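The values are calculated or read from the model by the stated rules, or taken from the named source; none is laboratory data. Please read these numbers as outputs of a predicted model, since none were measured by experiment. Glycine also receives a Cβ, built like all others from the backbone with ideal geometry; neighbour counts cover every protein chain displayed.
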Amino acid sequence: MDFDFTDEQNMVRDGISRLIREQYDFDTRRKVVASESGWRPELWAQLAELGMLAAPFSEEDGGFGGATEAMIIMEEFGKGLAVEPFIPSVVCAGGALKHGGNDAQREEYIGGIISGEMVFAFAYAEPRGRYDLANLETTAKADGGDYVINGHKAVVIGAPWATHLVVTARTSGGQTDKDGVSVFIVDKAAQGVSTRDYATVDGRRASEVYFENVKVSGDALIGDAGNGLPLIEKVVDEATAAVCAEAVGAMKVTNETTLDYSRQRKQFGTPIGSFQVLQHRMADMLMEYEQSVSMCYLATIKLDEDDATRKKNVSAAKVRIGQAGRFIGQSAIQTHGGMGMTDELAVGSYFKRLSIIEGEFGSVDHHMRRHIALTAA
């Protein structure tokens, strides 16, 4: 698949690639992940200064790009295993605001995201949700012109660092009804919001977020009450495409690291890369990567198509990239041997991230079922 980038997009790639290369070597990442905060606010401020946090937004919202720019940035994030919350804050929260927010919300909050002064987390998943975006036990009851939110959101990535949350809640209907879903902006410091923070296996930070009689004004509602599911689906598809791009970046480095290791590691006085069986395996890894690149690019350029086309292409990409990430990760570990699973070698961290991506925003099985249903329809 031929995909030519514009000069401006190549400049974005060069800028983020240089930043990751110079400031995100593996030893630095290990120290950041092991630190108390788990991220570098100063790097986030630098991303804002370079304009990277504005990349996915239109000029009307103070940005200069769209989904392709987000894809480029996330691919470079994947190469460095960056843990900064670009997807939760910029892609998810920013996407909800640019697609569903009113003029006042977009001016206030998108401006805050672009400047780096506001960091958002996307609180949409629930313990019993099973990838069903409409399966919500969190409720938002109308109280005059305000809403009162009660519920529990699970594995909210980046929430320990967030100043604000974008929250999905049910304002009417039954627990799994398609109608009755709404989206709110909630200040994380609001009374009644509590969190339990923890580190994830791939080095990021997440929270269980609890809402107990959290009162928000009617101005906190994004879009129309009860009609938020289409917005959430679009945002999650954009986030899925972005995480596919991250996986592509991680696969590239995993392949290169494995190839370098096979040239250096000797057995019986001969580099193991000269063994035919390993040459075949690494050729298979390269083909899996190249197919993943094409599927990622296709899903990204289809994000602005009609709902059915967007969903089918995103699901197809997530299935292919989930399968490829597992194959590449497992093959890399097998080639490295037992050392591949230790913290001493970077390949183990790439394998962990690829394994988590396989289930993030919907597992391979989930997206396979969704693609089959859409194709049959």
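Here is a check on your reading of the model: is residue 321 over 17 Å from the mean Cα position of the chain (by Cα) and surrounded by 14 or more Cβ atoms within 10 Å (Cβ to Cβ)? Don't jump to the end; show me each part of the working.
Values: over 17 Å from the mean Cα position of the chain (by Cα): no; surrounded by 14 or more Cβ atoms within 10 Å (Cβ to Cβ): yes.
Judged against the criteria, residue 321 is not a match.
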Top-ranked residue in the stretch 206-225 [being surrounded by 17 or more Cβ atoms within 10 Å (Cβ to Cβ) and touching an Asp or Glu at 6+ places or on another chain (Cβ under 7 Å); ranked as nearest to residue 190 (Cα to Cα)]: 216
Tabulated pairs, the stretch 350-377, first farther than 15 Å from residue 237 by Cβ, second among the β-branched types (Val, Ile, Thr) and part of a helix (DSSP H, G or I), C-beta under 6 angstrom, 6+ apart or interchain: 350/254; 351/333; 357/243; 364/319; 368/319
Filtered residues of the stretch 157-175 (kept if closer than 18 Å to residue 134 by Cα and surrounded by fewer than 24 Cβ atoms within 10 Å (Cβ to Cβ)): 171, 172, 173, 174, 175
Any pair with Cβ under 8 angstrom, 6 or more apart, that starts in the stretch 306-317 at a residue that is not assigned by TED's automatic domain parsing to the domain that holds residue 368 and ends at one that is part of a loop (DSSP other than H, G, I, E, B) and surrounded by 13 or more Cβ atoms within 10 Å (Cβ to Cβ): none
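For the stretch 192-240, enumerate the residues that are among the hydroxyl-bearing types (Ser, Thr, Tyr), closer than 24 Å to residue 86 by Cα and in a strand (DSSP E or B). So that I can check it myself, show each step before the final result.
Here is the first cut: in the stretch 192-240, the residues among the hydroxyl-bearing types (Ser, Thr, Tyr) are 194-195, 198, 200, 207, 210, 217, 240.
Right, trim to closer than 24 Å to residue 86 by Cα and you get 194-195, 198, 200, 207, 210, 240.
Passing the criteria: 194, 195, 198, 207, 210.
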Yes/no for residue 200 being modelled with pLDDT of 95 or more and within 18 Å of the chain's Cα centre (by Cα): yes
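Take residue 93 and tell me if it is of a type in the set (A, V, I, L, M), buried (at least 21 other Cβ atoms within 10 Å of the Cβ), in contact with a Phe, Trp or Tyr (Cβ under 8 Å, 6 or more places away or on another chain) and part of a loop (DSSP other than H, G, I, E, B).
No, not satisfied.
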Options 131, 109; residue that is part of a loop (DSSP other than H, G, I, E, B) and touching a residue at least 40 places away in the same chain (Cβ under 8 Å): 131
Filtered residues of the stretch 134-159 (kept if in a loop (DSSP other than H, G, I, E, B), modelled with pLDDT of 95 or more and either more than 18 Å from the chain's Cα centre (by Cα) or farther than 18 Å from residue 96 by Cβ (or both)): 134, 135, 136, 137, 138
